[in-house]
Amino acid sequence: MKLLHSNHIPAKNDGYGSGGDVSNSRPADFLVPNWTLGKPAAFDLTVVSPLNSNTLIEAGATSGSAVGKAEVRKHNANDPKCRELGWVCIPLAVESYGCLGEEAHSSFSRLAARLALELQSKATTTIYQTLNLTLVRCNARAMQGCCSQ
C-alpha cells in the first residue's frame, strides 16, 4: 500500500472485516480505484502452503496448483459482494515458497507497468524483489514460531 501511495496510485483499505471480525463480509484487503474499465479492484491477498494436506498430492504433480485452488476459493467467497459493489475481485494468491497465482502475476505485472510510467524506470524488478523479501521474512517468522514452541 505504501508503494502505491508513494507513486500516486490511490489505494485504501476497504474497511471490511476490520477489527478481526471474520463474520463480516470482506471482499478485499485493499481497494485500487479505476483498475480496469473504470471499476475499482478489490485485491484479496492470501498466502497458501503447497504442503497443506488438502493440496499436497496435486502440488507434487502440478506446480501452482495450491495457488490455483486459492484463487478459485477467493472468487467463490468474494465475487458476489464485489459484483454488488461494482468492484472487480482480484485474488493475490501466493504460495509460501514464492509461486504466484496467474491473477497475482498479471496484476503485479500491470501494477509494475503503471509504476514504471510514474517512475519512468523498471519497476517490475523492484516489485518482485519486495514481494520476495516480504515472503522470506514471513517464512522466517513462521519458522521461529515453530522452533520456539
For Arg137, what accessible area in Å² do you get when you roll a 1.4 Å probe over the heavy atoms of the protein chains, rounding to the nearest 10?
130 Å²
Order of exposure, largest accessible area first, which applies to Tyr128, Tyr97 with probe 1.4 Å:
Tyr97, Tyr128
Amide H of Val48 versus every other amide H placed in the peptide plane: which residues, excluding those fewer than 5 positions away on the same chain, fall under 5 Å?
Val94, Glu95, Ser96
Cα shape, segment 62-116, gyration tensor, a/c 1.5 rule:
oblate
How do Trp87, Trp35 stack up against each other in accessible area, from largest to smallest, with a 1.4 angstrom probe?
Trp87, Trp35
FRET efficiency, Thr36 to Cys146 (Cβ-Cβ, R0 25 Å, nearest 0.05):
0.05
So what J values fall out for segment 42-56 if you push phi through Karplus, 6.51 cos²θ - 1.76 cosθ + 1.60 with θ = phi - 60°, rounded to Hz, Gly and Pro as x?
9, 8, 10, 7, 9, 10, 10, 9, x, 8, 4, 4, 6, 10, 4
Probe 1.4 Å, all chains present, heavy atoms only: Leu31 accessible area in Å², nearest 10, is 20 Å²
Once amide H atoms are built 1.01 Å from N in the peptide plane, which residues 5 or more positions from Asp29, or in another chain, come under 5 Å H to H?
Phe43, Asp44, Leu45
As a test of reading the structure, rank Leu51, Leu100 by solvent-accessible area (1.4 Å probe, protein chains only), most first.
Leu51, Leu100
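The values are calculated or read from the model by the stated rules, or taken from the named source; none is laboratory data. Keep in mind the model is a prediction, meaning the values are calculated, not measured. We place every Cβ from the backbone using ideal geometry, glycine too, and count neighbours over all the protein chains shown. Only protein heavy atoms, including side chains, enter the accessible area calculation; ligands, DNA and RNA are left aside. Shrake-Rupley method; radii C 1.70, N 1.55, O 1.52, S 1.80 Å.
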